[in-house]
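A.B. asks: Would you mind keeping the following structure in view while I ask a few things?
The values are calculated or read from the model by the stated rules, or taken from the named source; none is laboratory data. Computed from a predicted structure; not experimentally measured. Cβ: placed from backbone, ideal geometry, glycine included. Neighbour counts: every protein chain shown. Quick note on the areas: whole protein, heavy atoms, side chains included, nothing else; ligands and nucleic acids left out. Shrake-Rupley method; radii C 1.70, N 1.55, O 1.52, S 1.80 Å.
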Amino acid sequence: TTTTALLSHLNSNMMLMRPSLFITSISLSSHLKPSLFQRTLGFAWSAAAYRDGEDGRSFSSSTLHAITRQSDGTIFISPENNSQHSASVILCHGLGDTGNGWVDPAMYLASKLPHVKFILPTAPTQPVTLNMGMPMPSWYDIIGLDSRSNEVCNGLDESMDKILELMENEVGECNGVGAVDYSRIVLAGFSQGGALALYTGMTSFRKQKNPTAADVQQKGLGLAGIVIMSGYLPRSSSFTIASGSETTPILHCHGTEDSVVAVEAAGLSKDRVSSLMEDKGGKKELYQVKTYRGLGHSVLMEELDDVSAFLNKVIPP
């Protein structure tokens, strides 16, 4: 089945890495190229991660955005001039990480998108069964490497509720910044966060205001777009698309040498999602996969530039 094949590709090399897979803070291996952002599952950024050794590019702090932090770990990177804010991106980190781990790449993107507010939530700290019950920031539990284990994803629904609440705050005026429509919101994420973004963005419905018995037809989110970096589709066999979301553009970025979430997962996720999009009247071409030769479970400057271009296309100024 599609689910079994997807998990086979996801986990083809995970068994060999299990003892260190979910470690949250270790030094990066010295053999990684300086040109990589070296964003590994739960691993810390190194100083080299802030530079691109091949062309000299670096993160540039956006002077047009201000950073605010909430007690729950959510970080807002907002245009200093509130009147410029016309779109929002919610960016979800990977397993064992926090929103703080993605401030620098979000600031890089913000420097190219002065009209966009970036929201970086932090997952709840909870035991991860596969990692011998060790507590860590996780959007949902992982109990095993077989397809049935992947279908459970305990905690996914609660994490979806958290993301949906953030979106509802954007649609209704929040944090001193004017409201935006769902069609001006992008969900994005890395690894487990990418899985959360894809599943939430395509299966969820808009919250109805003052619903009545006559409200029999729920409407999908109809987001501006979804970005997945080194991620996959969770709960594949039961996955459905909410009406109105079949025309949502999706960018799926993946390294060809990813040993945590194999690159084949990108194609399998695309096949499952795009076929259902087409069944509802959407186009398969809306799900775009971009691969990066030699890249592992990390993020490359070229990849962030592709994400920036996608964002400029789906949420232009």
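A.B. asks: Which one of Arg272, Arg235, Arg184 is charged (D, E, K, R) and touching a strand residue (DSSP E or B) at 6+ places or on another chain (Cβ under 7 Å)? Quick ask: steps written out before the conclusion?
C.D. replies: Details: Arg272 fails: touching a strand residue (DSSP E or B) at 6+ places or on another chain (Cβ under 7 Å); Arg235 fails: touching a strand residue (DSSP E or B) at 6+ places or on another chain (Cβ under 7 Å).
That would be Arg184, the only listed residue that is charged (D, E, K, R) and touching a strand residue (DSSP E or B) at 6+ places or on another chain (Cβ under 7 Å).
A.B. asks: Among the listed residues Ile143, Ile77, which satisfies the condition of being modelled with pLDDT of 95 or more and among the hydrophobic types (A, V, I, L, M, F, W, C)?
C.D. replies: That would be Ile77, the only listed residue that is modelled with pLDDT of 95 or more and among the hydrophobic types (A, V, I, L, M, F, W, C).
A.B. asks: On to the next question. Tell me the residue from Ser236, Ser230, Ser204 that is within 26 Å of Pro137 (Cβ to Cβ), at pLDDT below 95 and either open to solvent by less than 10 Å² (accessible area, probe 1.4 Å) or polar (S, T, N, Q) (or both), please.
C.D. replies: Among Ser236, Ser230, Ser204, only Ser236 is within 26 Å of Pro137 (Cβ to Cβ), at pLDDT below 95 and either open to solvent by less than 10 Å² (accessible area, probe 1.4 Å) or polar (S, T, N, Q) (or both).
A.B. asks: Just the residues that are open to solvent by 20 Å² or more (accessible area, probe 1.4 Å) and touching a helix residue (DSSP H, G or I) at 6+ places or on another chain (Cβ under 7 Å), please, taken from segment 68-119.
C.D. replies: Within segment 68-119, Gly73, Ser86, Asp104, Lys112, Pro114 meet the criteria.
A.B. asks: As an exercise: evaluate Gly144 against (1) in contact (Cβ under 8 Å) with a residue 24 or more places away in the chain; (2) open to solvent by less than 20 Å² (accessible area, probe 1.4 Å) and give the number of the one condition it does not meet.
C.D. replies: Every condition holds for Gly144 apart from (1).
A.B. asks: Quick test of your reading of the structure: Glu246 fulfils all but one of (1) of a type outside the set (Gly, Ala, Ser); (2) part of a loop (DSSP other than H, G, I, E, B); (3) open to solvent by less than 10 Å² (accessible area, probe 1.4 Å). Name the failing condition by number.
C.D. replies: Of the numbered conditions (1) of a type outside the set (Gly, Ala, Ser); (2) part of a loop (DSSP other than H, G, I, E, B); (3) open to solvent by less than 10 Å² (accessible area, probe 1.4 Å), the odd one out for Glu246 is (3).
A.B. asks: With (1) crowded, with 19+ Cβ neighbours inside 10 Å; (2) under 22 Å from Arg235 (Cα atoms) as the list, and Glu165 as the residue in question, which single condition is left unmet?
C.D. replies: Of the numbered conditions (1) crowded, with 19+ Cβ neighbours inside 10 Å; (2) under 22 Å from Arg235 (Cα atoms), the odd one out for Glu165 is (1).
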